Amino acid sequence: MKTIKAGIIGTGFIGPAHVEAVRRLGYVEMVALCEANDDLARSKAAQLHIPKSYGSVKALLADKEVEVIHNCTPNHVHFEISKQIMAAGKHVISEKPLAMNTKESKELVKFAAKTGVVNAIDFNYRYYPLVQEAKAMVQSGKLGDVFHANGSYTQD
């Protein structure tokens, strides 16, 4: 299987979780990191053992080795950053939310289709064993007609 070369923008709270998840896949290599400035990027790249660091989105987008970029920036810039990534011909895996409103989200979906790249959001809980079990119970009809469900997830 071909190794996919990935980059990441934003390594605050959730960014390192993306790096760890990618490494566990075995066929994706996190090769580049982008942060708000060069010093922070170098520091975070060293901490996360990522070989290349960039202090600007433009510099990361110019890296021809990077095929897909994880957008782990603050929510209010997801739209702008994801659009830049796709305009550069790179695939996007965005942290939730896709954008701040429906209008922006629809624009990103259309732009992804136009540019021919993948614009995905990580729904990581979808494949958790307990979520899969609950899904199977609902689909099997064991629970009858489900009109509402409430749950919680705690992470330390």
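Read-outs throughout are calculated quantities, based only on the coordinates presented, and are distinct from any laboratory measurement. Source: prediction; values computed, not measured. Cβ coordinates were reconstructed from backbone atoms using ideal geometry, including for glycine residues, and neighbour counts include every protein chain displayed.
Some points to look at:
- The mean sequence separation of alpha-carbon pairs under 8 Å and at least six residues apart, normalised by the residue count of the chain, gives a relative contact order of 17 percent.
- On the beta carbon distance between residue 40 and residue 128, with R0 = 41 Å, the FRET formula returns roughly 0.80.
- Of 64/110; 44/96; 44/114; 2/44; 44/103; 96/142, pairs whose Cα-Cα distance is over 29 Å: 44/114; 44/103; 96/142
- Most mobile listed residue (71, 124, 101) in the chain, GNM with C-alpha springs under 10 Å: 124
- Take every pair of alpha-carbon atoms less than 8 Å apart whose residues are at least six positions apart; their mean separation over the length of region 53-93 yields a relative contact order of 45 percent.
- Rounded if a/c under 1.5, otherwise prolate or oblate - region 1-91, Cα gyration tensor axes: rounded
- Residue exposure sequence - 82, 152, 105, 94 - by fewest surrounding Cβ within 10 Å: 152, 105, 94, 82
- Cα extents of the chain along the three principal axes, largest first (Å): 55, 34, 33
- Remark: relative contact order (region 32-114) = 23 percent; criterion is Cα-Cα distance under 8 angstrom and separation of 6 or more residues.
- Test item: Cα-centred dipole of the chain, Lys/Arg +1 and Asp/Glu -1 on Cβ, debye: 440 debye
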